[in-house]
Structure formats: C-alpha cells, structure tokens
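The values are calculated or read from the model by the stated rules, or taken from the named source; none is laboratory data. Not measured: the values here are computed from a predicted model. No Cβ is skipped: glycine too gets one built from the backbone with ideal geometry, and neighbour counts run over all protein chains shown. Please note that ligands, DNA and RNA were not included when accessible areas were found on the heavy atoms of the full protein model with its side chains. Shrake-Rupley method; radii C 1.70, N 1.55, O 1.52, S 1.80 Å.
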Amino acid sequence: MKFRLALAASLFISLIILIIATGLGSVFISPQDCLLILAHKILGIDIGNNIPLYQVGIIWNLRLPRVLLAWIAGAALSVSGAVMQSVLKNPLASSFTLGVSAGASLGAGLVILSGLTIPFSGIFAIPVAGFLFSLAAMVLVMRFSHALDPRLDGNTIILSGMVLSLFINAILMLLSALSGEAMNRLIMWQMGSFALKGWNPVQILFPATIIGILLVFFFSRELDIMTFGDEEASAIGVPVVLYKRILITLASLLTGCTISFVGVVGFLDLAVPHIVRRILGPTHRNLIPFSAIFGGALMVLSDLIARTLIPPLDLPVGAITAVVGAPVFAWIYFTSRKK
C-alpha cells in the first residue's frame with residue numbers, strides 16, 4: 001500500500017511539473033489553458049475563441065513534445081544508471097562508462113562531419129548512426145571484457161569501457177580538427193538538446209523506453225541478490241554472467257536509444273539513483289520505477305532552466321545537468337573514499 005501511494009504521489013507531482021514546464025517560456029501560458037489545449041487536441045473538446053490559435057501551436061507543436069521527450073530521456077538514463085551501479089557494484093558506474101555515449105558520438109560525428117547517409121533512414125540518419133555505433137561500442141566492451149575475465153568482473157568492464165571511450169574520443173578529435181565549420185554542429189549535438197525535435201522522437205522513444213524499463217523491473221529480485229556479490233549470488237543459484245550480459249545490454253540500449261536522439265546528456269544517470277536510494281532504500285522494486293519518475297522530472301526541470309535562464313538563448317541541457325551532477329559526482333567519490 002505504501003509503495004502504491006508513494007508511486008501515485010510521485011506520478012502526480014511529475015505530472016504537475018510537466019504541465020508547469022509546458023506553460024513556461026518566452027510566452028507564458030497558464031496551466032488551465034495548457035489543460036484546455038490538451039483536451040482540445042486529445043479529446044476534441046471545443047475551446048472556441050478563448051485561447052489564441054498561436055498558443056495552441058506553441059503548446060502542441062513545440063513545448064509539449066519537448067517536455068515529454070525530456071521526461072522520457074531522463075527516465076531512461078536514470079534507470080540505466082541504476083542498473084549499471086548495481087550490476088557493476090560501483091557507485092560511479094553508468095552506461096557512459098562503457099563507451100556507449102562515445103560510440104553514439106562517433107556515429108553522429110561521421111554523419112555530421114562527412115555528410116554520410118544511411119539507406120532508408122531519411123531525417124533520422126544521425127539518430128540511427130548514433131544508436132548503431134553505441135550498440136557496437138557496447139558489444140566491443142563486453143567481448144573484450146569477457147576475453148580478459150570470463151566472470152565479467154565489474155572493474156574489468158569499467159576499465160574496458162574507459163579505454164574504448166578514450167580511443168573513440170581521440171578519433172573524434174582528429175575528425176573535428178579536419179572538419180572545419182561542421183565541428184560546431186557536432187559540439188552542439190554532444191551537449192544535448194530537446195529543442196525542435198517534434199513528435200517523431202517521442203513516438204519512437206516512448207514505447208522503447210517503457211518496454212526497456214519493464215524488462216529491467218522484471219529482474220528486480222536478481223538485481224537485489226547481485227548487489228551482495230557475484231559469489232553470493234552464484235551460491236543462491238543466480239546465473240551471474242548471463243544476467244550481467246542481459247542487464248548491461250538493456251541498460252546500454254536505454255542509453256543508446258536516448259542519446260542517439262537528444263545528444264549526450266550526462267550526470268543525471270549517476271545522481272538520480274543515489275538520490276532515490278537515500279529516500280526509498282536500495283530495493284530495486286522501488287529503485288527502478290522511482291528512478292524513472294524522479295529522473296524524468298529532474299530532466300524536465302533541467303531543460304526548463306536551459307531555455308528560460310538567459311532568454312532568448314536556449315542553453316544545451318547537457319551543460320545544466322553537468323553543473324548539477326558534477327557536485328554529486330564529487331560527493332559520491334569522496335564519500336566512498338572515506339568509507
């Protein structure tokens with residue numbers, strides 16, 4: 001009962017944040033008008049001449065898809081971070097540690113800097129390339145880690161991911177140095193943004209994220225057991241190596257899908273799971289859904305700050321999350337050193 005009440009309260013607060021963020025901007029639109037516009041678009045309710053037509057366009061075509069995309073991205077990244085920290089038993093672990101973001105950046109960079117096209121991808125050439133390269137990076141890290149240590153120790157995976165990330169970043173630096181004007185476009189993509197994305201990414205990412213989170217939630221019991229250590233989990237009967245592969249793949253896919261559309265948005269996947277653990281405890285039955293809700297809400301707030309802090313500038317949301325997440329990163333690191 002407590003779980004259901006806490007979940008309902010969190011979803012309600014998250015919904016309020018979504019509505020408020022949808023109305024705020026260079027043109028303020030009240031929450032009541034936002035709800036009327038949504039009712040008009042979704043339920044077909046007539047709003048007459050009470051709301052100007054341009055406000056309807058602002059809400060439905062610009063702000064609502066942006067806010068929803070931010071929430072979906074925050075939920076996916078936060079759940080991915082929670083899984084990685086538990087599977088690798090490292091408070092600083094995330095999918096970015098495995099080179100997923102570096103792989104996505106390389107894929108996007110090749111399209112942006114060279115003008116390469118992908119058959120049948122159309123306007124989604126950059127997201128498709130980013131996703132494929134992020135998936136390839138994850139596969140390389142897992143294969144290399146397994147070759148070094150068949151037990152897939154967490155430290156081996158993290159070190160393999162760091163090596164691959166450094167190598168890919170070096171390639172990106174060389175490509176950027178030779179690209180000229182296209183370099184600015186790549187830099188902006190790497191900073192992350194939800195501006196002018198439209199409804200297409202929402203329609204693709206929403207079902208993918210929901211399915212990924214549900215699959216991760218299915219392994220909640222196994223995640224609880226694996227946090228005690230590989231030997232203890234194996235003694236209980238959990239196939240540790242198999243579940244590590246499955247869970248790391250799911251977490252990497254959540255991250256890869258997200259950053260392929262919105263760019264690299266870091267630190268949120270690191271900070272949110274620790275916040276949720278502090279409030280609700282380490283049980284993954286609580287950690288997974290509440291990380292999604294808290295992460296989505298915090299991403300919406302970060303994006304709101306990015307587009308309203310210095311109007312009319314639209315700051316990269318990755319910069320905002322880094323400013324918030326870096327102190328959390330430092331706090332986690334020094335706390336772990338003291339322990």
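With a 1.4 Å probe rolled over the protein heavy atoms of all chains, the accessible area of ASP314, ASP269 falls in the order ASP314, ASP269, largest first. With protein chains left intact and a 1.4 Å probe, residues in segment 102-253 average 54 Å² of accessible area per residue. Evaluating 6.51 cos²θ - 1.76 cosθ + 1.60 at θ = phi - 60° for every residue in segment 29-44, the Karplus couplings come out as 10, 5, x, 4, 5, 4, 5, 5, 5, 5, 5, 5, 6, 8, 9, x Hz, glycine and proline recorded as x.
In the chain, the longest principal axis of the Cα atoms and the axis of helix 317-338 are about 30 degrees apart. Taking the accessible area of segment 34-82, probe 1.4 Å, and keeping the other protein chains in place, the carbon and sulfur fraction comes to 63%. Shape call for segment 215-280 from the C-alpha gyration tensor, a ≥ b ≥ c root eigenvalues: rounded (a/c under 1.5), prolate (a/b greater than b/c) or oblate? It comes out oblate by the Cα gyration axes.
Count Lys and Arg as plus one, Asp and Glu as minus one, and take only other residues whose Cβ is under 14 Å from that of THR227; the net charge is then 0. The helix-based estimate of mean residue ellipticity at 222 nm for the chain, built from -39,500 (n - 2.57) per DSSP H run of four or more residues and divided by its residue count, is -25000 deg cm²/dmol to the nearest 500.
Note that segment 109-114 has calculated 3J(HN,Hα) couplings of x, 4, 6, 5, 7, 9 Hz, one per residue in order, obtained from phi through the Karplus relation 6.51 cos²θ - 1.76 cosθ + 1.60 (θ = phi - 60°); glycine and proline are x. The computed Cα extents along the principal axes in Å for the structure shown corresponds, within (i) 95, 50, 26; (ii) 74, 59, 55; (iii) 68, 59, 40, to (iii). Share of carbon and sulfur in the accessible area of segment 183-339 stands at 70%, probe radius 1.4 Å. Summing +1 for each Lys or Arg and -1 for each Asp or Glu among the other residues whose beta-carbon sits under 14 angstrom from that of VAL276 gives +2. Taking Cβ atoms as reference points and 12 Å as the exclusive limit, the residues near LEU24 contribute a net charge of +2, counting Lys and Arg as +1 and Asp and Glu as -1.
Measuring with a 1.4 angstrom probe and ignoring ligands and nucleic acids, VAL56 comes out at about 10 Å² accessible. Extension gain for LEU7 to LEU166 (0.36 nm times residue separation, less C-alpha to C-alpha distance): 53.3 nm.
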